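Input: a single structure, listed below in structure tokens.
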Amino acid sequence: METSKNGVAGVRGRELYKVCALRNAVSNIAEMLEFTDVPDWCFAEVGLKWSYEVGTSSAYTEMLKRSPVLFLPQITAPTLFLVGKKDQRVPPKQSVNLYKKLRARGVKTSCCSILMTMACSRWMQNQTLLLIFTNGFKRI
């Protein structure tokens, strides 16, 4: 399973994957910059140096150019979105936005929201994953 922007890059092209599951997927890096608890990740993801100053218009442009939302036409594999309702790293609306746009394009998708009570990296326990995948992929 992939996460964030790298996971979305992975679903481009159905010939590579029959189905895909994305956990807390980033759809728009530029938009995420203002709402994440790790804004430095947004800069690093596009090869820019992190600064506490507000991003410049060129930084925002570069982030948008590399955002998964711009690659929607290339995403064709049925996709399951796993969304942490309280995720501070990737705001839930990022995944939901991508989910809705793929649905509108006719891509088979399903979205499972999970109330996270622990840190983002710890919520994906084996039993939880099995339950989510079993129920989530049945809906695709």
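Beta carbons within 10 angstrom, averaged per residue: use that to sort the peptides 84-90, 70-76, 96-102, 26-32, highest first.
Highest-to-lowest ranking by the protection proxy: 26-32, 96-102, 84-90, 70-76.
Given the pairs K18/K86; K49/K86; K65/K101; K18/K101; K49/K101; K85/K108, which span a C-alpha to C-alpha distance of over 24 angstrom in this model?
K18/K86; K49/K86; K49/K101
Every number in this text was worked out from the coordinates using simple rules, so none of it is lab data. All values reported here derive from a predicted model rather than from experimental measurement. Every residue, glycine among them, receives a Cβ derived from its backbone with ideal geometry; neighbour counts consider all protein chains shown.
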